[in-house]
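Notes follow once the structure below has been shown.
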Amino acid sequence: MVINWAEQDMRISRTELKKQHDRLKSMAEPLANLSKKQMKKLPVSDYFLTELEDLADITSANARNRQIKRIGKIISEEDRHSLVNALFDILFAPEQIAKIDAWYARLNIHDDGTLKQFVRQFKACEKNTLYQMMLWIEYAKHMADDELLEESEQDLQTYIHEVAILSR
């Protein structure tokens, strides 16, 4: 199947941007469950690390929820790719990492069955978002834009890690 690029709207929708932001905010909960030792391994700013460490000392459920929401808001100021990948490496065993990362090579925009299988395995995944990310990779290849290709591939890799974390 050949993609007709003239018919494709390659703008990123506001909905997709909101979904991306919401996924990133959702990372606050798994981050909150890390030990202080694990938190120190994260590639984050000192300010963010302090906010995260403060969370570990909060015992009141309401105060803890407020702090998790606060972390969810300030998380967008951090390097998304580095943070998600570091959290992924902390939360998953090497065998699990290998299995999850194998999906990156298996996923193909022209293989709907594999896409559906991935979405079934990772409940946090949205098929449309996954398809859009893969479409950007194909578009970058079509345009022979190495920079866009690298960025799109990194976005897909990070997305796979995000949905793996959020589907735990």
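The values are calculated or read from the model by the stated rules, or taken from the named source; none is laboratory data. As the structure is a computational prediction, the values presented were derived from the model and not from experiment. Note that we place each Cβ from the backbone using ideal geometry, even for glycine, and neighbour counts take in every protein chain shown.
Could you identify the single residue in 44, 84 that is under 16 Å from residue 160 (Cα atoms) and touching an Asp or Glu at 6+ places or on another chain (Cβ under 9 Å)? Outline the logic, then answer.
Working: 44 fails: under 16 Å from residue 160 (Cα atoms).
Going through 44, 84 in turn, just one is under 16 Å from residue 160 (Cα atoms) and touching an Asp or Glu at 6+ places or on another chain (Cβ under 9 Å): 84.
Listed residues 90, 71, 137, 58; which is of a type in the set (Val, Ile, Thr), closer than 30 Å to residue 9 by Cα, touching a helix residue (DSSP H, G or I) at 6+ places or on another chain (Cβ under 6 Å) and surrounded by 13 or more Cβ atoms within 10 Å (Cβ to Cβ)?
On the way: 90 fails: closer than 30 Å to residue 9 by Cα; 71 fails: closer than 30 Å to residue 9 by Cα; 58 fails: closer than 30 Å to residue 9 by Cα.
Testing whether each residue is of a type in the set (Val, Ile, Thr), closer than 30 Å to residue 9 by Cα, touching a helix residue (DSSP H, G or I) at 6+ places or on another chain (Cβ under 6 Å) and surrounded by 13 or more Cβ atoms within 10 Å (Cβ to Cβ) leaves just 137.
Could you list, ordered by first residue, the pairs with Cβ atoms under 8 Å in which the first is in region 107-125 and assigned to a loop (DSSP other than H, G, I, E, B) and the second is at pLDDT 95 or above and acidic (Asp, Glu), at least 6 apart or interchain?
Hits for this filter: 124/162.
Given the options 112, 101, 57, name the one that is among the charged types (D, E, K, R) and in contact with a His (Cβ under 9 Å, 6 or more places away or on another chain). Working first, answer last.
Details: 112 fails: in contact with a His (Cβ under 9 Å, 6 or more places away or on another chain); 57 fails: in contact with a His (Cβ under 9 Å, 6 or more places away or on another chain).
One residue alone meets the criteria, 101.
Name, by its number, the condition in (1) modelled with pLDDT of 90 or more; (2) part of a helix (DSSP H, G or I); (3) over 22 Å from residue 119 (Cβ atoms); (4) in contact with a Ser or Thr (Cβ under 8 Å, 6 or more places away or on another chain) that does not hold for residue 86.
(4) is the only condition that residue 86 fails.
(1) more than 28 Å from residue 29 (Cβ to Cβ); (2) in the same structural domain as residue 72 (by TED's automatic domain parsing): which one isn't true of residue 147, the others all being true?
(2)
Give me a count of the residues in region 31-48 that are surrounded by fewer than 16 Cβ atoms within 10 Å (Cβ to Cβ) and among the aliphatic types (A, V, I, L, M).
In the first step, residues of region 31-48 are kept if they are surrounded by fewer than 16 Cβ atoms within 10 Å (Cβ to Cβ); the result is 33, 35-38, 40-41, 43, 45-47.
Right, trim to among the aliphatic types (A, V, I, L, M) and you get none.
Here the count works out to 0.
Touching a Ser or Thr at 6+ places or on another chain (Cβ under 7 Å) and modelled with pLDDT under 95 - does that describe any residue in region 108-120?
Yes; the residues of region 108-120 include at least one that is touching a Ser or Thr at 6+ places or on another chain (Cβ under 7 Å) and modelled with pLDDT under 95.
Within the set of pairs 6 or more residues apart or between chains, which connect a residue that is part of a helix (DSSP H, G or I) inside region 13-33 to a residue that is among the small types (Gly, Ala, Ser) and surrounded by 14 or more Cβ atoms within 10 Å (Cβ to Cβ) with Cβ atoms less than 7 Å apart?
Sorted first by the residue in region 13-33, then by its partner, the pairs are 25/72; 28/72.
Quick check on residue 82: is it out of contact with any helix residue (DSSP H, G or I) (no Cβ under 6 Å at 6 or more places or on another chain), in contact (Cβ under 8 Å) with a residue 24 or more places away in the chain, surrounded by 13 or more Cβ atoms within 10 Å (Cβ to Cβ) and among the polar types (S, T, N, Q)?
Values: out of contact with any helix residue (DSSP H, G or I) (no Cβ under 6 Å at 6 or more places or on another chain): yes; in contact (Cβ under 8 Å) with a residue 24 or more places away in the chain: yes; surrounded by 13 or more Cβ atoms within 10 Å (Cβ to Cβ): yes; among the polar types (S, T, N, Q): yes.
Against the criterion (out of contact with any helix residue (DSSP H, G or I) (no Cβ under 6 Å at 6 or more places or on another chain), in contact (Cβ under 8 Å) with a residue 24 or more places away in the chain, surrounded by 13 or more Cβ atoms within 10 Å (Cβ to Cβ) and among the polar types (S, T, N, Q)), residue 82 qualifies.
Please determine, by comparing only the residues of region 89-106 that are of a type in the set (A, V, I, L, M, F, W, C), part of a helix (DSSP H, G or I) and free of Cβ contacts under 8 Å to residues at least 12 places away in the same chain, which one is nearest to residue 43 (Cα to Cα).
Our first condition is that a residue be of a type in the set (A, V, I, L, M, F, W, C); within region 89-106, this holds for 90-93, 97-98, 100, 102-103, 105.
Restricting the remaining residues to those that are part of a helix (DSSP H, G or I) gives 90-91, 97-98, 100, 102-103, 105.
Subsequent filtering for residues that are free of Cβ contacts under 8 Å to residues at least 12 places away in the same chain retains 97-98, 102, 105.
Working: 97: 19, 98: 22, 102: 24, 105: 26 Å.
The selected residue is 97.
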